[in-house]
Amino acid sequence: MYALIYDEFDPAKREKEVISVHRTRENAEKALNKRQHTLGKRVWECKTRIVWVYGRVRRGDIITPSAFDTWAPGETIPRSDRVPDGD
């Protein structure tokens, strides 16, 4: 299950709020684009990201990093996310 979470990218703030839940990454990406347009901000300004959640969650739940990962098990990770930036 995929979720949009509110993430300020602050290591001290481990708890993340679930904004919405989706069955596919494609649907989560559509929801992220809609949120971006609604807020009138770029993706990184929305402080929102897509994650794979290991258990069942609902909108409004609070989760910690142990409950989610960036990619689903077995999901193909795009080359751009596997190769670090820089030399």
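The values are calculated or read from the model by the stated rules, or taken from the named source; none is laboratory data. Please read these numbers as outputs of a predicted model, since none were measured by experiment. All Cβ positions, even for glycine, are placed from backbone atoms using ideal geometry, and neighbour counts span all protein chains on display.
Scanning the stretch 26-41 for residues that are of a type outside the set (Lys, Arg), surrounded by fewer than 18 Cβ atoms within 10 Å (Cβ to Cβ) and either touching a residue at least 12 places away in the same chain (Cβ under 8 Å) or not in a loop (DSSP other than H, G, I, E, B) (or both) returns Glu26, Asn27, Glu29, Asn33, Gln36, His37, Thr38, Leu39.
Within the stretch 42-75, being part of a loop (DSSP other than H, G, I, E, B), free of Cβ contacts under 8 Å to residues at least 40 places away in the same chain and hydrophobic (A, V, I, L, M, F, W, C) holds for Cys46, Trp71. Among residues that are at pLDDT 95 or above, within 14 Å of the chain's Cα centre (by Cα) and part of a loop (DSSP other than H, G, I, E, B), Val21 is not included.
Here Trp44 passes the criteria (1) exposed (fewer than 12 other Cβ atoms within 10 Å of the Cβ); (2) hydrophobic (A, V, I, L, M, F, W, C); (3) closer than 11 Å to Met1 by Cα except the one numbered (3). If you check Arg79, Arg23, Arg58, Arg49 for being surrounded by 10 or more Cβ atoms within 10 Å (Cβ to Cβ) and of a type outside the set (S, T, N, Q), only one passes: Arg49. Listed by first and then second residue, the pairs linking a residue in the stretch 1-15 that is within 10 Å of Lys47 (Cβ to Cβ) to a residue that is surrounded by 10 or more Cβ atoms within 10 Å (Cβ to Cβ) and of a type in the set (S, T, N, Q), with Cβ atoms under 8 Å apart and 6 or more places separating them unless they lie on different chains, are Ile5/Thr48; Tyr6/Thr48; Asp7/Thr48. Just checking, does the stretch 54-70 include any residue being within 11 Å of the chain's Cα centre (by Cα) and at pLDDT below 90? There is at least one residue in the stretch 54-70 that is within 11 Å of the chain's Cα centre (by Cα) and at pLDDT below 90.
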